[in-house]
Structure formats: structure tokens, C-alpha cells
Amino acid sequence: MELSRLATKLQSSLTLEITAKAKKLKEEGIDVISFGAGEPDFNTPKYIIDEAKKAMDIGFTKYTSTSGISPLKKEIIKKFKNDNDLEYTEKQIIVSTGAKQCLSNVFQTIINPGDEVLISKPCWISYPELVTLYGGSPILVDCAEENEFKFDIDSLKKNLSDKTKAIVITSPNNPTGSVYNYDELKTIADFAKDNDLFIISDEIYEKLIYDGEKHISVASISEDAYNRTIVINGLSKTFAMTGWRLGYAAGNEKVIKVMSNIQSHTTSNANSITQYAAVKALAAAGNEIEAMVKEFDARRKYMVDRINNMKTISCVKPKGAFYVMINVSDLYSDKIKDSFMLSKILLDEAKIAVIPGAAFGDDRYIRLSYATSMENIKNGLDRLENFINNMK
Ligand SMILES: Cc1ncc(COP(=O)(O)O)c(C=O)c1O
């Protein structure tokens with residue numbers, strides 16, 4: 001029997017696969033250092049865990065309204081006002097099972113067969129897969145390393161067609177760590193206005209930002225940008241809550257309503273206990289985030305310095321998130337032909353797990369996450385350096 005032609009086109013998430021493989025090797029007693037992590041290596045702050053226990057104790061364990069409980073929506077609205085200067089009403093907010101579900105809901109909501117969605121390349125793995133799943137065509141727009149892997153207007157114009165429906169902005173970015181400034185966002189907002197596009201703004205790494213950079217939401221650029229942008233955010237990265245599965249989206253009421261209708265037939269509400277604890281997480285957000293960002297920043301600087309002092313490889317200093325994209329193209333040879341092969345050899349021979357750039361659409365790179373201890377980073381980079389120095 002034939003399976004869904006669209007669904008069978010999907011690739012599994014390579015990031016998750018490699019992280020799982022490294023974990024398995026570790027469990028077998030092999031000393032592997034993983035740079036694959038897509039989640040903070042910190043625990044969820046205790047005040048949030050305590051609140052989840054309270055939710056269970058008081059029996060907050062039933063279905064909630066599909067789009068999220070009102071106290072949580074109120075905190076999300078406050079967050080948008082305080083952090084992003086954005087005003088929303090409860091009808092403009094949906095709470096979902098992770099930012100990933102928000103993205104899934106929004107692509108399902110806006111895409112008709114053949115619609116094209118502009119995505120910067122290198123890109124986070126799930127965007128093109130989701131767009132494909134819902135019958136659209138992901139258009140991967142080359143973003144040059146010299147431009148910190150950000151969209152430039154000429155390439156956007158070149159990739160525009162009469163089928164272009166939306167543009168995805170991820171700032172801070174996974175996998176590149178790049179952060180868009182006001183002028184760059186304004187240029188994209190104008191482009192979206194001129195061509196009547198939705199803007200999907202994934203701001204999940206909003207709080208993980210360094211070097212005095214300020215996160216700006218493209219929705220805050222103008223009234224027009226506000227009306228055409230669906231902002232995606234969540235608690236996974238900021239509060240080290242990846243396993244709790246809590247994301248949220250904000251935007252045009254009509255779009256949010258359709259997203260909610262979809263969710264009502266798929267997963268219903270986000271976990272009630274998580275929602276209860278999320279109210280407290282957002283209301284009391286504070287020192288833990290600062291401490292985590294400080295630690296990430298120290299690791300980032302160390303990693304970038306080490307890499308740029310190694311021969312043959314180099315990287316741009318990322319300004320946000322917790323990833324470094326390393327240009328390894330000068331390592332390629334008859335023996336190591338591409339990033340998949342390099343990643344495999346690094347795992348087998350150097351015992352370090354990295355994500356091949358091909359998984360993000362660009363074979364010249366590998367991605368290293370610094371969401372692992374400084375000790376691991378030091379040891380892992382020693383291994384990488386030895387491997388490079390010993391290459392023939
Ligand atoms: C850019 C980006 N967006 C969204 C997500 C998904 O986040 P969540 O855990 O909230 O589903 C991730 C997770 O890796 C991500 O890197």
C-alpha cells in the first residue's frame with residue numbers, strides 16, 4: 001500500500017539522530033564528547049519545578065482550553081509588551097506543545113499547494129521539512145558567511161516569485177548564531193510589505209544574546225510588519241525547559257484562530273501542568289537566565305578563539321543562541337569529501353560528535369553546540385585540533 005507521498009519525503013531530524021548516537025556510544029562506555037546538543041545543559045530553575053508539583057497536587061491535570069489558559073496568555077502578553085514593545089490581546093495568542101508545534105500550526109494555516117516560503121540557508125532543519133509536509137515549497141536562500149549568514153535584499157529579490165507566500169526570520173539564529181539589527185529587519189519588513197508576504201519570526205533564542213546586542217522583533221518595526229508577522233517563541237531555551245514542551249505564537253487574530261482549530265483536532269492543549277508552571281516561569285524570570293547567558297558567553301568566546309587559532313578551519317563569531325558554524329571546506333579531500341563524511345570520521349576517530357552542515361543545507365560547515373560544560377568544550381576542541389594537526 002502506498003504511503004503519503006508528502007510524508008515519506010520527510011527526513012528525520014539529523015541533529016536528534018547524531019545526539020542520540022553519541023549518547024548511545026557513551027552508554028556503551030566509549031568516551032565521546034558531544035557537540036550536538038540543541039538544548040541548554042542547565043536544569044530547569046527550581047521555582048518552576050515546584051510550581052509544576054503544585055499543579056499536580058491541586059489537580060490541575062485536566063484538559064485546558066485549546067489555545068492555552070488565560071493566566072498564561074496574560075503573562076505572555078506582558079512579556080511581549082515589556083520585552084518587545086508589542087501589544088496583543090488574548091485572542092492573538094496561542095500556546096502549543098513547543099515552538100515546533102506553533103511552527104507546524106502556522107505553516108499548515110498559511111500554505112496552499114505550491115506556495116513558496118523563503119528560508120535563509122544555512123537553516124534550522126525543521127522549516128523546510130514542515131513547509132514540504134504541508135504542500136509548500138521551501139526556497140532556501142543562500143546567505144553568505146561574509147554577511148554573517150543573514151538575508152541580503154538582492155538574493156531575496158532573486159528568489160521571489162508570484163508563488164512566494166512567506167519569509168522565515170530566525171533571530172538569534174540556529175545554526176548560525178546570527179542576530180538581525182533594526183536596519184536589516186526594516187529592509188525585510190519593507191520587502192514583505194512590497195510583496196504582500198507573511199513573516200514568520202522565530203524568536204526562540206531571544207534571551208540568548210551576547211556582546212551587548214539587543215533582540216528586536218520584526219513585528220515591532222511598523223504597524224504593517226505587526227499585522228503580517230506571526231511571532232514564535234517558547235520556554236524551551238530560555239528556561240531550560242525543552243522536555244516540558246511549551247511554545248507560543250502571537251499574531252493576526254484570524255491566523256491564530258485557524259492555528260487553534262488545527263491544534264484542537266491534533267494535540268488539543270499544551271500539557272496542563274507545564275502551562276501552570278509556565279505562568280510562574282514568565283512572571284518570575286530573572287537571575288537564572290542571566291547566569292546561564294553569562295556561562296554561554298564565556299564558552300562562546302573560548303570556542304571561537306580556539307577554532308580561529310586552529311589551522312585550516314575558521315568561524316564567524318556568533319552573536320546569539322549556542323552554536324558555532326565552522327567552515328571546514330579546506331579540510332575536504334579525496335578521503336573526506338563532505339560534511340557528512342567528516343562528521344562520521346570525527347565521531348569514529350576523534351570521538352567527538354558534531355552536526356554536518358549539509359543537515360542545514362550547506363556542506364562547507366559543521367555545527368558545534370556550546371551547550372555543554374567548559375571541560376567538555378576544552379577536551380573536545382583538543383581532540384578536534386589533534387585530528388586536524390595529524391591529517392595527511
Ligand atoms: C530555531 C528553532 N526554532 C524552534 C525550535 C523548537 O523549540 P521547541 O523546543 O519549543 O519546540 C528549535 C529547537 O531546537 C530551534 O532551534
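The values are calculated or read from the model by the stated rules, or taken from the named source; none is laboratory data. Worth saying up front: this structure is predicted, and the values here are computed from it rather than measured. FYI the Cβ positions are ideal-geometry reconstructions off the backbone, even for glycines, and counts take in every protein chain you see. Quick note on the areas: whole protein, heavy atoms, side chains included, nothing else; ligands and nucleic acids left out. Shrake-Rupley method; radii C 1.70, N 1.55, O 1.52, S 1.80 Å.
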- In the set 77, 30, 58, the lone residue that is open to solvent by less than 70 Å² (accessible area, probe 1.4 Å) and within 29 Å of residue 248 (Cβ to Cβ) is 77
- Before we move on, is residue 236 assigned to a helix (DSSP H, G or I) and polar (S, T, N, Q)? no
- Message: Residue under question is residue 334, and the condition is that it be assigned to a loop (DSSP other than H, G, I, E, B) and open to solvent by 70 Å² or more (accessible area, probe 1.4 Å); does it hold?
- Response: yes
- Pairs only if they're at least six apart or on different chains, beta carbon under 9 angstrom, first in the stretch 201-213 and closer than 16 Å to residue 238 by Cα and part of a strand (DSSP E or B), second open to solvent by less than 30 Å² (accessible area, probe 1.4 Å) and of a type in the set (S, T, N, Q); list them, first residue then second. 202/170; 202/171; 202/173; 202/174; 202/233
- Query: Here is a list of conditions, (1) touching a strand residue (DSSP E or B) at 6+ places or on another chain (Cβ under 9 Å); (2) open to solvent by less than 20 Å² (accessible area, probe 1.4 Å); (3) within 16 Å of the ligand (Cβ to nearest atom), and residue 219 meets all of them except one; can you say which number that is?
  - Reply: (3)
- Item | Unmet criterion (only one of (1) more than 25 Å from residue 313 (Cα to Cα); (2) open to solvent by less than 50 Å² (accessible area, probe 1.4 Å)) for residue 174 | (1)
- Query: Hey, any hits in the stretch 198-208 for a residue that's in contact with a strand residue (DSSP E or B) (Cβ under 6 Å, 6 or more places away or on another chain), away from the ligand (no atom under 11 Å from the Cβ) and open to solvent by 10 Å² or more (accessible area, probe 1.4 Å)?
  - Reply: yes
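Identify, from the list 273, 232, the residue that is open to solvent by less than 10 Å² (accessible area, probe 1.4 Å) and either outside the structural domain of residue 16 (by TED's automatic domain parsing) or without any contact (Cβ under 8 Å) to a residue 24 or more places away in the chain (or both).
Every option except 232 fails the conditions.
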- Where in the stretch 1-103 are there helices (runs of 4 or more DSSP H), lying fully within it, with 1 or more residues that are outside the structural domain of residue 296 (by TED's automatic domain parsing)? 46-57, 70-84
- Task: Would you mention how many residues in the stretch 235-252 are closer than 12 Å to residue 199 by Cβ and either surrounded by fewer than 20 Cβ atoms within 10 Å (Cβ to Cβ) or within 15 Å of the ligand (Cβ to nearest atom) (or both)?
- Result: 1
- Task: Please enumerate the residues belonging to the stretch 104-127 that are in a loop (DSSP other than H, G, I, E, B) and either within 15 Å of the ligand (Cβ to nearest atom) or surrounded by 24 or more Cβ atoms within 10 Å (Cβ to Cβ) (or both).
- Result: 122, 123, 124, 125
- Task: Show the residue pairs that are 6+ apart or on different chains and have beta-carbon atoms under 9 Å apart, the first residue being within the stretch 169-186 and of a type outside the set (A, V, I, L, M), the second being within 12 Å of the ligand (Cβ to nearest atom) and in a helix (DSSP H, G or I).
- Result: 170/127; 174/360; 175/15; 175/360; 176/360
- Note on the structure: Of the residues in the stretch 314-330, those that are under 19 Å from residue 361 (Cβ atoms) and either among the small types (Gly, Ala, Ser) or not in a strand (DSSP E or B) (or both) number 5
- Task: May I ask you to verify whether residue 321 is at pLDDT 95 or above, surrounded by 17 or more Cβ atoms within 10 Å (Cβ to Cβ) and not assigned by TED's automatic domain parsing to the domain that holds residue 383?
- Result: no
- Query: Looking at residue 186, is it out of contact with any helix residue (DSSP H, G or I) (no Cβ under 6 Å at 6 or more places or on another chain) and not in a loop (DSSP other than H, G, I, E, B)?
  - Reply: yes
- Query: Assuming residue 256 fulfils every condition listed in (1) away from the ligand (no atom under 16 Å from the Cβ); (2) surrounded by fewer than 23 Cβ atoms within 10 Å (Cβ to Cβ); (3) of a type in the set (Val, Ile, Thr) apart from one, which condition is it?
  - Reply: (2)
- Message: Just to be sure I understand the filter: pairs with C-beta atoms under 6 Å, separated by 6 or more residues or on different chains, first member in the stretch 85-108 and more than 12 Å from residue 263 (Cβ to Cβ), second member part of a strand (DSSP E or B) and more than 8 Å from the ligand (Cβ to nearest atom). Which pairs pass?
- Response: 88/250; 92/250; 93/250
